[in-house]
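Here's the structure we're looking at; comments come further down.
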Amino acid sequence: MSLRHDPHAFTPAPAPEAQAHETHAHETQAHETHAFAPPGELPAAPLELRGRAVVPGTAEGEALVSQETISGWGGIDPARGVIIERRHPLYEQSFAGKVLVFPGAKGSSGWAGFFQSTRLLGTAPLAMIFVTVTTKAALGAVVTRVPTVTGLDRDPLTVIRTGDRVHVDADRGVISVYPAHPQ
């Protein structure tokens, strides 16, 4: 596990140049044929997504993917780093020490405060990748101080699966995905 970022810095990265992105045969093959490899022994050709930074830094770890938005206040237990919203599909699953991939935040302005508490209690995700930018999600990422990327050239909810190994390079706006299970 590697984690490098300045917890006191916040400099949004410029959006990458707009470009149409095709899925090339070698990317599809890499996504489908490489089995999960232990840290330090990752396949040579990851699937890459490009976006823009919300919080700079780099991190690498196992993905936890939520197809539904996450509520901060009343939806997570900051002491355990666990989703506690009873009707959420990831109820009782831990995001602590994982790359949290989700559509965005829902609920009150308390969202950011609850995610900041995860940082203070040592139960924060390693990094965040989200689809919809809201003030709650952006502020939550900033106060959690974990590398965060959004505005990706492909929908991360359809490309990344729970258990995939993900390298987040928010400094460059690049997400590298190493599938846990070949298709």
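Would you mind stating whether Ser109 is surrounded by fewer than 20 Cβ atoms within 10 Å (Cβ to Cβ) and in contact with a helix residue (DSSP H, G or I) (Cβ under 7 Å, 6 or more places away or on another chain)?
On the way: surrounded by fewer than 20 Cβ atoms within 10 Å (Cβ to Cβ): yes; in contact with a helix residue (DSSP H, G or I) (Cβ under 7 Å, 6 or more places away or on another chain): yes.
Against the criterion (surrounded by fewer than 20 Cβ atoms within 10 Å (Cβ to Cβ) and in contact with a helix residue (DSSP H, G or I) (Cβ under 7 Å, 6 or more places away or on another chain)), Ser109 qualifies.
Out of Val168, Val177, Val131, I need the residue that is of a type in the set (A, V, I, L, M), free of Cβ contacts under 8 Å to residues at least 60 places away in the same chain and within 20 Å of Arg52 (Cα to Cα). Which one?
Numbers: Val168 fails: free of Cβ contacts under 8 Å to residues at least 60 places away in the same chain; Val177 fails: free of Cβ contacts under 8 Å to residues at least 60 places away in the same chain.
One residue alone meets the criteria, Val131.
Residues to consider are Ala124, Ala79, Ala138; find the one that is closer than 19 Å to Arg50 by Cα and in contact (Cβ under 8 Å) with a residue 12 or more places away in the chain. Write out each step before concluding.
Working: Ala124 fails: closer than 19 Å to Arg50 by Cα; Ala79 fails: closer than 19 Å to Arg50 by Cα.
So the residue among Ala124, Ala79, Ala138 that is closer than 19 Å to Arg50 by Cα and in contact (Cβ under 8 Å) with a residue 12 or more places away in the chain is Ala138.
For the stretch 59-80, give me the residue count where each residue is modelled with pLDDT of 90 or more and either crowded, with 16+ Cβ neighbours inside 10 Å or within 14 Å of Arg161 (Cβ to Cβ) (or both). Steps first, please.
Kept after step one, since they are modelled with pLDDT of 90 or more, are these residues of the stretch 59-80: 59-67, 78-80.
Applying the additional criterion that residues be either crowded, with 16+ Cβ neighbours inside 10 Å or within 14 Å of Arg161 (Cβ to Cβ) (or both) yields 59-67, 78.
Going through the stretch 59-80 one residue at a time, the tally reaches 10.
Mind listing whichever residues of the stretch 161-183 are part of a loop (DSSP other than H, G, I, E, B) and in contact with a His (Cβ under 6 Å, 6 or more places away or on another chain)?
Keep residues of the stretch 161-183 that are part of a loop (DSSP other than H, G, I, E, B), which gives 161-164, 170-173, 179-183.
Scanning the stretch 161-183 gives a single hit, Pro179.
With the structure loaded, tell me whether Ala170 is closer than 18 Å to Pro56 by Cα, under 15 Å from the mean Cα position of the chain (by Cα), modelled with pLDDT of 90 or more and buried (at least 19 other Cβ atoms within 10 Å of the Cβ) or whether it fails that test. Spell out how you get there, then give the answer.
On the way: closer than 18 Å to Pro56 by Cα: yes; under 15 Å from the mean Cα position of the chain (by Cα): yes; modelled with pLDDT of 90 or more: yes; buried (at least 19 other Cβ atoms within 10 Å of the Cβ): yes.
Yes; evaluated as a whole, the condition is true for this residue.
Scan the stretch 134-146 and give yes if some residue there is among the hydroxyl-bearing types (Ser, Thr, Tyr), over 14 Å from Gly75 (Cβ atoms) and buried (at least 19 other Cβ atoms within 10 Å of the Cβ), otherwise no. Even if it seems obvious, please write down each step before you answer.
Within the stretch 134-146, the subset among the hydroxyl-bearing types (Ser, Thr, Tyr) is 134-135, 144.
Next, only the ones that are over 14 Å from Gly75 (Cβ atoms) stay: 134-135, 144.
Add one more test, that the residue is buried (at least 19 other Cβ atoms within 10 Å of the Cβ), and what stays is 144.
Scanning the stretch 134-146, I find at least one residue that is among the hydroxyl-bearing types (Ser, Thr, Tyr), over 14 Å from Gly75 (Cβ atoms) and buried (at least 19 other Cβ atoms within 10 Å of the Cβ), so the answer is yes.
Inspect the stretch 121-131 for any residue being of a type outside the set (Ser, Thr, Tyr), under 19 Å from Arg154 (Cα atoms) and assigned to a loop (DSSP other than H, G, I, E, B) and give the result as yes or no. I'd like the intermediate steps shown before the answer.
As a first pass, look at the stretch 121-131 and keep what is of a type outside the set (Ser, Thr, Tyr): 121-122, 124-131.
From the residues that got through so far, the ones that are under 19 Å from Arg154 (Cα atoms) too are 127-131.
Narrowing further to those that are assigned to a loop (DSSP other than H, G, I, E, B): 131.
Yes; the residues of the stretch 121-131 include at least one that is of a type outside the set (Ser, Thr, Tyr), under 19 Å from Arg154 (Cα atoms) and assigned to a loop (DSSP other than H, G, I, E, B).
Of all residues being hydroxyl-bearing (Ser, Thr, Tyr) and assigned to a loop (DSSP other than H, G, I, E, B) in the stretch 132-160, which is farthest from Leu64 (Cα to Cα)? Just the residue, please. Steps first, answer last, please.
Pass one, the stretch 132-160, residues hydroxyl-bearing (Ser, Thr, Tyr): 132, 134-135, 144, 148, 150, 158.
Then keep just the ones that are assigned to a loop (DSSP other than H, G, I, E, B); that gives 132, 134.
Numbers: Thr132: 17, Thr134: 20 Å.
Selected residue: Thr134.
The values are calculated or read from the model by the stated rules, or taken from the named source; none is laboratory data. Keep in mind that this is a model prediction, so the values were computed, not measured. Virtual Cβ from ideal backbone geometry, glycine too; neighbours counted across all protein chains shown.
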